[in-house]
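Quick notes on the structure that follows.
The values are calculated or read from the model by the stated rules, or taken from the named source; none is laboratory data. A quick note: this is a predicted structure, and the numbers were derived from the prediction, not measured. When we count neighbours, we look across all protein chains shown, and the Cβ atoms used for this are built from the backbone with ideal geometry, even at glycine.
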Amino acid sequence: MKRFFLLAVAMVFTTALLAQKNDKDKDWALYSRYAPANDTVTVAPKAVFMGNSITENWLKFHPEFFQKNNYAARGISGQTTYQMLARFHNDVVALNPKVVVILSGINDIARNNGYISLENIMGNIISMCDIARANGIVPVLCSVLPADYFVWRKDLKPAPLVIELNGMIRKYAAEQGFEYVDYHSFMSDEKGALKEGLSKDHCHPYPDAYFPMEEVVVKAINKAAKQKLPRKRNRK
């Protein structure tokens, strides 16, 4: 009996070690996700879209939008700002675009990788902008889309946090002279949720909902691409 018990303990310990090893070996930022696509880029894109599932779905629903405009989409479902920051060099800088369109923050609010304050979310966005600017790439900052409910985190009430974070992004963009794309204002209802008919799950837009988003972001990209890179300014 004692021998059986020791064997069982050894098996549990071995399983735990293997699980830890597998976790350590995990590609946590998914650097590999776009590595093959990045290797095939021969002409620098006009703009790279850095984001999460909103951007990933955008490419899935409207691939022609990216193709005809010489844009590259580098969205990964579920990612937070610190994962995007980690892969920013590989998926943005290395492609040498004129502009980077940053749409991020909702998964941080959803605590996909644990709690993070709005100030630290903003800090990650600022760091992406700093890296872009240091490499001659003009950032275009986007508001987080409206969301009042997460199907995977039903205990959270994200709408006011989204509005507060968007205020921080808008303020920073104005301070630094960056284009700010305000999706939230025309996609939100009075409760801070996506308007009826734009989404099934209160978070991810339907394919047709991307058309008005495309109209405003193209204008911002074209304007940013013609500008000289704004000098870094101290935050107020």
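Filtered by the rule that a residue be of a type in the set (A, V, I, L, M), buried (at least 23 other Cβ atoms within 10 Å of the Cβ) and assigned to a helix (DSSP H, G or I), segment 86-108 gives a lone residue, I106.
Taking segment 192-231 as the range and being surrounded by 13 or more Cβ atoms within 10 Å (Cβ to Cβ) and part of a loop (DSSP other than H, G, I, E, B) as the test, the residues that pass are G192, A193, K195, L198, H202, C203, H204, Y206, Q227, L229, P230. Here the condition is being touching a residue at least 60 places away in the same chain (Cβ under 8 Å) and within 19 Å of P146 (Cα to Cα); of N52, N57, N107, it holds for N57 alone.
For segment 115-138, enumerate the residues that are over 25 Å from L194 (Cβ atoms) and either over 17 Å from the mean Cα position of the chain (by Cα) or not in a helix (DSSP H, G or I) (or both). Hits for segment 115-138 are R133, A134, N135, G136, I137, V138. Checking each residue in segment 49-75 for being part of a loop (DSSP other than H, G, I, E, B) and closer than 19 Å to A220 by Cα picks out H62, N70. Out of the residues in segment 109-162 that are buried (at least 23 other Cβ atoms within 10 Å of the Cβ) and among the small types (G, A, S), state the one that is modelled with the lowest pLDDT. Selected residue: A147.
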